[in-house]
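Report on the structure given below.
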Amino acid sequence: MSFRGIRQSKFRHVFGQALKRDQCYDNIRITKSAWDSTFCAVNPKFVAIITEAAGGGAFLVLPLEKTGRIDRDAPLVVGHKAAVLDIQWCPHNDDIIASGSEDCTVKIWQIPDEGLIRNLEEPVVDLVAHQRRVGLVVWHPTVQNILLSGGSDNKVVVWNIGTGEPVVEIDIPDIPLSASWSWEGTKFVVSCKDRKVRVFDPRNGTTLKEASTHEGSKPVQVVYLKNGNFFTTGFSRMGERQYALWDENLTNMTIQEIDTSNGIIFPFYDPDTSMIYLCGKVSLLFECCRSPVQFVSSMPLQSLVPLTICTQSSCC
């Protein structure tokens, strides 16, 4: 009889190394908002960071190569009338970014190719449908000009950016906390404050599946995996941080405790390598495959840089 041991991950030697201070972005007044968000977004050209602003909401946009100490009077994107809660770059155009705010609006911005040289005040599209703050914006992965937004009015809206009009508005039982599109973009999943995750059809807004996940009272984050499964992070009833894997029918495959820290864990998914990066006070790296989720390593992390700009020789 042959012995089958634990499968060794081919990424088991992956590790992260913090850059020197002159290669980082320094002297940035990051927002002090209590909303649970990563407050930053990266694409192959720019890094965007939500900042403190008096009398409205703002975020900073910097070219990736502009590292070091940032001037206090650096130009900002300043069109919102209240704090910015979430930002996300368009996957189809590196100059387009969406933002959601406490002023109940979603705005689409076009960043000049050379970066900001003065404050940007006018969006290219202003999206108004929510009655309360918008804390969630997620671009469609395969179709241009389609954006999902979630607000504290217990509503998820799928927008056509080209027309500035909603494609579908979906009322849900509680506040949406995170959302993720399926690999082909035919469905999306939303985690809500009631600790449930729900899968929706974006064409008509019908609920396809729903299930309870982590038992803790703190926010649940969810990612739609390439193979149709779901990965979530949350808390147990006793307050331990957890991660879990669910099949396409939202049946639990595995759930594991991480530690007893109270910080929210944000998952970043790399579909090319089936790797999950968990961002928190201590960032962790996991591999998702057909077998149960396997821990790989820990490293400092705040946001995931697109693989298209990574130097492969530096990652080996």
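The values are calculated or read from the model by the stated rules, or taken from the named source; none is laboratory data. Values in this document were obtained by computation on a predicted structure and should not be read as measured data. In this analysis, Cβ positions are derived from the backbone assuming ideal geometry, glycine residues included, and neighbour counts consider all displayed protein chains. In case anyone asks, the SASA skips ligands and DNA or RNA and just uses the protein heavy atoms, side chains included. Shrake-Rupley method; radii C 1.70, N 1.55, O 1.52, S 1.80 Å.
Taken along the Cα-to-beta-carbon direction at a fixed 7 Å, the label points for Thr260 and Asp126 span 5.1 nm. Taking θ as phi - 60° and the Karplus parameters 6.51, -1.76 and 1.60, the scalar couplings of the range 107-116 work out to 10, 10, 10, 10, 8, x, 4, 8, x, 7 Hz in sequence order, x denoting glycine and proline.
Counted residue by residue at 0.36 nm each, then reduced by the alpha carbon distance between them, the extension gain from Glu184 to Lys66 reaches 39.0 nm.
Across the range 171-179, rounded Karplus estimates of 3J(HN,Hα) from the backbone phi angles (6.51 cos²θ - 1.76 cosθ + 1.60, θ = phi - 60°) give 8, 10, x, 8, 5, x, 10, 7, 8 Hz, Gly and Pro being marked x.
Once all protein chains are placed together, His130 keeps about 10 Å² accessible to a 1.4 angstrom probe.
Can you tell me the FRET efficiency between Thr251 and Asp174 if r is taken as the Cβ-Cβ distance and R0 is 22 Å, rounded to the nearest 0.05?
Working: r = 22 Å, r/R0 = 1.00.
E between Thr251 and Asp174, to the nearest 0.05, is 0.50.
Between the amide H of Val168 and those of Val158, distances stay under 5 Å, these residues lying 5 or more places away or on another chain, with hydrogens modeled in the peptide plane. Between Asp194 and Lys81, how many nm apart are label points set 7 Å from Cα along the C-beta direction? For the pair Asp194/Lys81, the computed spacing is 3.1 nm. When Thr260, Thr206, Thr51 are compared by accessible area of protein heavy atoms, the largest-first order is Thr260, Thr206, Thr51, using a 1.4 Å probe.
So what's the net charge close to Ala54: Lys and Arg +1, Asp and Glu -1, counting the other residues with Cβ under 14 Å from its Cβ? Cβ neighbours under 14 Å give a net charge of +2.
For Lys196, the solvent-accessible surface with a 1.4 Å probe is about 60 Å², rounded to the nearest 10. For the listed peptides 224-235, 56-67, a ranking on the average number of other beta carbons within 10 Å per residue, highest first, reads 224-235, 56-67. Across the range 227-238, coupling constants 3J(HN,Hα) worked out from phi with the 6.51/-1.76/1.60 Karplus curve, θ = phi - 60°, read 8, x, 7, 10, 10, 10, 10, x, 9, 7, 5, 8 Hz, and Gly and Pro carry x. Of interest is the spacing of the C-alpha centroids, which for the range 48-82 and the range 185-226 amounts to 32 Å. Report the GluC sites (Glu not before Pro) located in the range 92-134 that are in a DSSP loop and have at most 16 other Cβ atoms inside 10 Å of their Cβ, or state none. Listed in order of number, the matching sites are Glu114, Glu121. A probe of 1.4 angstrom, applied to the heavy atoms of all protein chains, finds Glu122 with accessible area near 140 square angstrom.
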